[in-house]
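Trainee: Mind looking over this structure? Questions follow.
The values are calculated or read from the model by the stated rules, or taken from the named source; none is laboratory data. These numbers come from a predicted model, not from an experiment. Note that each Cβ is placed from the backbone with ideal geometry, even for glycine, and that neighbours are counted across all protein chains shown. These accessible areas exclude ligands, DNA and RNA; they are computed on the full protein's heavy atoms, side chains included. Shrake-Rupley method; radii C 1.70, N 1.55, O 1.52, S 1.80 Å.
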Amino acid sequence: ATVPRWRTGVWSTLSEVIRNSTGHQVLRPWPSLEENDPKDCSKMQYVQSMEIDSQGVMWVVDVGRKYFASADPADVDNTCPPKMVLIDVSTGKVVDTYVFPNEVAPYTGSFLNDIVIDEANQVGYISSTGNNVTDLGSLVVYDRRNKGSRRFQDRSTQYNDIGDRIIIHGEDYTDKLHMPSDGIALSPDGSKLYYSPIGNFDLFSVDTSVLRDASKSDKEVAAAVRHIGQKRSNSDGMTMGSNGVLYFGGLTTNSLYSWDPAAGPLSSTKTVVQDDYRLWWIDTFAWANDGSVWVTTNRLNKYFFGGMDFSGASGPNFRIVRIEVGTDSYMSQGGAEEVA
């Protein structure tokens, strides 16, 4: 489990969920408290997301920047650069670390967010939900084999006001969620990357053969971008199953949706399940590879813009929900070679 260091006081940003001696579920720093040291830039500073490949390696996205959601501007800490940390899940050993250069992930503005893995090519695709002028939203590519990275940005990765109204539980957040690319998903064959902003209902795709080619310019990559259409709602996280179906949350409808690109246009999207409270702001997805997907929900609008009830009187703010969808992870179709 990740705990964002949006504000001070987070002693561990990557933890495992365990039961303590009294039977309560608690967080324990993983792989160790030392690896979560916020005062050591070589350690994990702010883990936003992670993905585990078929070799048992966890690809951990470390934002680097931290405390940028603090009420006190003096708390904002841009000291440490963003990086990718690769951890052997079986041993908890860090097997590799890659620090992103400033021109790929600006140290004062990038917000490396969600990741998907192309195992065949050993590439990680990451959305950057940049939150200031140095990063207005982008896609970041991490090439593990060649120990390199690139950045792509254009209108499709940034926030655009196209008139979509964002109403969550009766409250209008349209003017508050001016946020760029966030959700990201990869087709099972690795050929298409899907992505969308939080700030409107748009959905885009790009050919990965062009995106991961470091010799291609942003203009050439942009030529491979396709505007698919508008989803039924804006969404945060998204994922793709081994069946090639895209799954994404609906922030305005408290729903999980599915869309099969091979079966019809985006308008043929189906509602998998809807629940006003248990699916309030679907965020992160994880696959169990037993026909079900696990999602986190977190009422994030209340956290950022006020009104989150920590007393427990209005129920849990944060949930992990298992949903039967009848398919497995986009990565389950093929394995990956070991990388030294």
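Trainee: Taking a temperature of 10 °C and a viscosity of 1.306 mPa s, what whole-number D in µm²/s does Stokes-Einstein yield for segment 134-202 with Rh from Kirkwood over alpha carbon pairs?
Mentor: My calculation gives 116 µm²/s for D.
Trainee: Give me the compactness ratio for segment 208-291, meaning the Cα radius of gyration over 2.2 N^0.38 Å.
Mentor: Against the empirical 2.2 N^0.38 Å value, I get 1.28 for segment 208-291.
Trainee: Moving on to the next point. By what distance, in whole Å, do the Cα atoms of segment 231-340 stretch along each of the three principal axes, largest value first?
Mentor: Between the extreme Cα coordinates on each principal axis of segment 231-340 lie 47, 41, 23 Å.
Trainee: Could you state how much accessible area residue 107 has, in square angstrom rounded to the nearest 10, with a 1.4 Å probe and all protein chains kept in place?
Mentor: My reading of the accessible area for residue 107 is about 60 Å².
Trainee: Rounded to two decimal places and with Rh computed the Kirkwood way over Cα pairs, what is Rg over Rh for segment 165-312?
Mentor: That ratio equals 0.99.
Trainee: Another question, then. Could I get the Rg over Rh figure for the chain? Both from C-alpha atoms, Rh via Kirkwood, rounded to two places.
Mentor: 0.93
Trainee: Gap in Å between the Cα centre of segment 83-103 and the Cα centre of segment 173-223?
Mentor: Result: 24 Å between the Cα centres.
Trainee: Which is farthest toward the positive dipole end of segment 228-290 among 251, 266, 288, measuring Cα position about the Cα centre, with Cβ charges +1 (Lys, Arg) and -1 (Asp, Glu)?
Mentor: Final value for the positive-end residue is 266.
Trainee: As a test question: what accessible area, to the nearest 10 Å², does residue 169 have when a 1.4 Å probe is rolled over all protein chains in place?
Mentor: Its accessible surface works out to 70 Å², give or take rounding.
Trainee: Next question. How long is the gain from residue 289 to residue 41 if the chain were fully straight, where each residue apart is worth 0.36 nm and the alpha carbon distance is subtracted?
Mentor: The span from residue 289 to residue 41 would gain 85.8 nm if fully extended.
Trainee: Taking Cα centroids, how far is segment 122-148 from segment 1-57 in Å?
Mentor: Cα centroid to Cα centroid, the span is 22 Å.
Trainee: Assign unit charges at the C-beta atoms only (+1 for Lys and Arg, -1 for Asp and Glu), then state the dipole size of segment 219-277 relative to its Cα centre in Debye, rounded to the nearest 20.
Mentor: 240
Trainee: What residues of segment 277-306 lie in the reach of a label at residue 321, counting those whose backbone N is under 13 Å from a point 7 Å from the Cα along Cα→Cβ?
Mentor: 277-285, 293-300
Trainee: Given the peptides 182-189, 15-22, arrange them by the average over their residues of other C-beta atoms within 10 Å, most packed first.
Mentor: Top to bottom by mean Cβ count within 10 Å: 182-189, 15-22.
Trainee: Could you give me the radius of gyration and the Dmax of segment 120-248, taking only the C-alpha atoms into account and expressing both in angstrom?
Mentor: Calculated on Cα positions, Rg and Dmax stand at 14.7, 49 Å.
Trainee: Quick one: P(r) of segment 271-328 from all Cα-Cα pairs, 10 Å bins, percents rounded to integers, in order of increasing distance.
Mentor: Values per bin, smallest distances first: 23, 48, 22, 7.
Trainee: Suppose R0 equals 25 Å; then what is the FRET efficiency for residue 88 and residue 122 from their Cβ-Cβ distance, rounded to the nearest 0.05?
Mentor: That pair, residue 88 with residue 122, gives E of 0.95.
Trainee: If I model segment 1-136 as equal point scatterers sitting on the Cα atoms and use the Debye formula, what is log10 I(q)/I(0) at q = 0.11, 0.12, 0.19, 0.21 Å⁻¹?
Mentor: -0.39, -0.47, -1.11, -1.30
Trainee: With each pseudo-label sitting 7 Å past Cα toward Cβ, what's the residue 178-residue 160 distance in nm, one decimal?
Mentor: 1.7
Trainee: Give me the dipole magnitude in Debye, nearest 20, for the chain about the Cα centre, with unit charges on the beta carbon: positive for Lys and Arg, negative for Asp and Glu.
Mentor: The calculation lands at about 280 debye.
Trainee: At most 12 other Cβ atoms within 10 Å and a DSSP loop assignment: could you name the trypsin sites (Lys or Arg not before Pro) in segment 88-160 that fit?
Mentor: Passing both the DSSP loop test and the Cβ count: 145, 147.
Trainee: Size of segment 1-67 along its principal axes in angstrom, Cα-based, largest extent first?
Mentor: 35, 34, 18
Trainee: Taking a 1.4 Å probe, which of 41, 80 shows the most accessible area, and what order do the others take after it?
Mentor: In descending accessible area the options line up as 41, 80.
Trainee: While we're on this one: Taking the Cα atoms of segment 68-120 alone, what are Rg (to one decimal) and Dmax (as a whole number) in Å?
Mentor: Spelled out, the Cα radius of gyration and Dmax of segment 68-120 are 14.3, 44 Å.
Trainee: Further question: Rounded to the nearest percent, how much of the accessible area of the chain (1.4 Å probe, protein heavy atoms only) is carbon and sulfur?
Mentor: Answer for the chain is 50 percent, counting heavy atoms of protein chains only.
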